[in-house]
Amino acid sequence: MTRRGPRWVSEAVAWVGALVLIAGVAIVATGVIGEAPPKVVAVQTPVIQPAQVSPVKAPVKPAKPPPVRTNARGGVPVEPSLGPPPGPQHDPVPKAFAPPDKRFAFLVGVTDYRSPTKDTIAGANDVRFIRSMLLAAGWLPQNIKMVTNKAATGTATRSGLAWLVARSKPGTFTLFHFSGHVKQVGGREKLWPYDRDFVTDLELARLIKKGTGKTWVDIAGCEGGGFIEDLPSSRVLVSASSKVTQKSYEYPPWGESVWTGLVWDMALGQGQADANRDGRTVVGEALRYATYYAQAITLYQRPYGRQTPQVFGDPVRGWTLDNPPA
């Protein structure tokens, strides 16, 4: 990490005056960040037992996607015990980029779970925001599939993954994002769809590995780091909101998970992770920013403690959403 003393001092002074985001963050699987002194309301997810021809018209210029409405507000705290926030670093630039018609995304987010599973706060909101970001970056609507709440069944999740992997060919870029509960059983992790038709870490890895194009897998859920072990490669970038032994938090004022709020909203959406001040935020910058501040925000939460995001796989991260690698 490149460190410039005066810059970190000025940044630290600026951030000390910022609003500390410890106001009501709930765990994705789930518990809550409270005001200082921390007051955590933990809600642990229970373990449940079992033709007409039309006239030719002049071509219409496609409408621009609506501007992205960011939700994350307020400053984020600098945590002295973690050192200074990440500064400029070298992020390798891809040799080739995927054009809009070669980019595909499958987004799964669950807020309203089937009873008696506890609801989340951010699941569906996370993926709606990510979709808006992709559209603003020039991704084609027909190349983005999204399922939320009751539609996010195990069958729909597997079907969407199969659709995504079938399009993962050389010269393409694919994104899979999941926001919701993660179930941990017998040392394995499982994506938790609406109907409890779980998708295991091994199943997810087996599907993703069938692709041959560049891929980013992004998991916002408790114990999300458990999906890391079988997925990362020089082709596949994997990011998860916390270690396999940790909970992940949500932030009610944002209506987003801490991870999505930091990576997608504050870093990529608002450009707050632009460490080298070149006017563009690459994914490498966004992931480092979110990894630092997710820990700073949740460090003193009790009883679960901090969430430490995990990022592994494809080291080529000098790209933006409107110019992803191929």
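The values are calculated or read from the model by the stated rules, or taken from the named source; none is laboratory data. A quick note: this is a predicted structure, and the numbers were derived from the prediction, not measured. Cβ placement follows ideal geometry from the backbone for every residue including glycine, while neighbour counts extend to all protein chains displayed.
Answer with yes or no whether ASN125 is within 18 Å of the chain's Cα centre (by Cα), of a type outside the set (Ser, Thr, Tyr) and on the phi > 0 side of the Ramachandran plot.
So ASN125 fails the test.
For residues that are part of a loop (DSSP other than H, G, I, E, B), of a type in the set (Gly, Ala, Ser) and buried (at least 23 other Cβ atoms within 10 Å of the Cβ), tally how many sit in the stretch 204-232.
Here is the first cut: in the stretch 204-232, the ones part of a loop (DSSP other than H, G, I, E, B) are 209-213, 221-223, 228-232.
From what is left, the residues that are of a type in the set (Gly, Ala, Ser) are 211, 213, 221.
Checking the rest, the ones that are also buried (at least 23 other Cβ atoms within 10 Å of the Cβ) come to 221.
The qualifying residues number 1.
Would you call GLY318 among the small types (Gly, Ala, Ser), touching a Pro at 6+ places or on another chain (Cβ under 8 Å), part of a loop (DSSP other than H, G, I, E, B) and modelled with pLDDT of 95 or more?
Values: among the small types (Gly, Ala, Ser): yes; touching a Pro at 6+ places or on another chain (Cβ under 8 Å): yes; part of a loop (DSSP other than H, G, I, E, B): yes; modelled with pLDDT of 95 or more: yes.
Yes, satisfied.
Filter the stretch 107-119 down to the residues that are in contact with a Phe, Trp or Tyr (Cβ under 7 Å, 6 or more places away or on another chain) and in a loop (DSSP other than H, G, I, E, B) and list them by number. Walk me through how you get there before you give the answer.
Our first condition is that a residue be in contact with a Phe, Trp or Tyr (Cβ under 7 Å, 6 or more places away or on another chain); within the stretch 107-119, this holds for 108, 110, 113-114, 119.
Matches in the stretch 107-119: VAL110, TYR113, ARG114, ASP119.
Considering only the stretch 236-253, I want to know if a residue exists there that is more than 24 Å from TYR304 (Cα to Cα) and of a type outside the set (Phe, Trp, Tyr). Quick ask: steps written out before the conclusion?
The initial filter retains those residues of the stretch 236-253 that are more than 24 Å from TYR304 (Cα to Cα), namely 236-237.
Add one more test, that the residue is of a type outside the set (Phe, Trp, Tyr), and what stays is 236-237.
Yes: the stretch 236-253 contains one or more residues that are more than 24 Å from TYR304 (Cα to Cα) and of a type outside the set (Phe, Trp, Tyr).
Name every residue in the stretch 142-157 that is assigned to a helix (DSSP H, G or I) and within 19 Å of the chain's Cα centre (by Cα), in order of residue number. Steps first, please.
Of the stretch 142-157, the ones assigned to a helix (DSSP H, G or I) are 142-143, 149-151, 154-157.
Of everything in the stretch 142-157, those that are assigned to a helix (DSSP H, G or I) and within 19 Å of the chain's Cα centre (by Cα) turn out to be ASN143, ASN149, THR157.
Out of THR281, THR291, THR245, THR298, which single residue is surrounded by fewer than 19 Cβ atoms within 10 Å (Cβ to Cβ) and at pLDDT 95 or above? Write out each step before concluding.
Values: THR281 fails: surrounded by fewer than 19 Cβ atoms within 10 Å (Cβ to Cβ); THR291 fails: surrounded by fewer than 19 Cβ atoms within 10 Å (Cβ to Cβ); THR298 fails: surrounded by fewer than 19 Cβ atoms within 10 Å (Cβ to Cβ).
Unique residue meeting the criteria: THR245.
Of the residues VAL199, VAL182, which single one is in contact with a Cys (Cβ under 6 Å, 6 or more places away or on another chain) and more than 22 Å from PRO100 (Cα to Cα)? Let's see the steps before the verdict.
On the way: VAL199 fails: in contact with a Cys (Cβ under 6 Å, 6 or more places away or on another chain).
Criteria check complete, one pass: VAL182.
Just wondering, is there one or more residues in the stretch 60-76 that are in contact with a strand residue (DSSP E or B) (Cβ under 8 Å, 6 or more places away or on another chain), within 27 Å of TRP192 (Cα to Cα), of a type in the set (S, T, N, Q) and modelled with pLDDT under 90? Break it down into steps so the answer makes sense when it comes.
Within the stretch 60-76, the first condition is being in contact with a strand residue (DSSP E or B) (Cβ under 8 Å, 6 or more places away or on another chain), and the residues that meet it are 71-72.
Now narrow it down to the ones that are within 27 Å of TRP192 (Cα to Cα): 71-72.
Filter once more, so that each one left must be of a type in the set (S, T, N, Q): 71.
Filter again for modelled with pLDDT under 90, leaving 71.
Looking for residues that are in contact with a strand residue (DSSP E or B) (Cβ under 8 Å, 6 or more places away or on another chain), within 27 Å of TRP192 (Cα to Cα), of a type in the set (S, T, N, Q) and modelled with pLDDT under 90, one finds at least one in the stretch 60-76, hence yes.
Select from the stretch 183-199 the residues that are more than 19 Å from the chain's Cα centre (by Cα) and in a strand (DSSP E or B) and list them in ascending order.
GLN184, VAL185, ARG188
How many of the residues in the stretch 120-141 are crowded, with 18+ Cβ neighbours inside 10 Å and part of a loop (DSSP other than H, G, I, E, B)?
Qualifying residue count, the stretch 120-141: 4.
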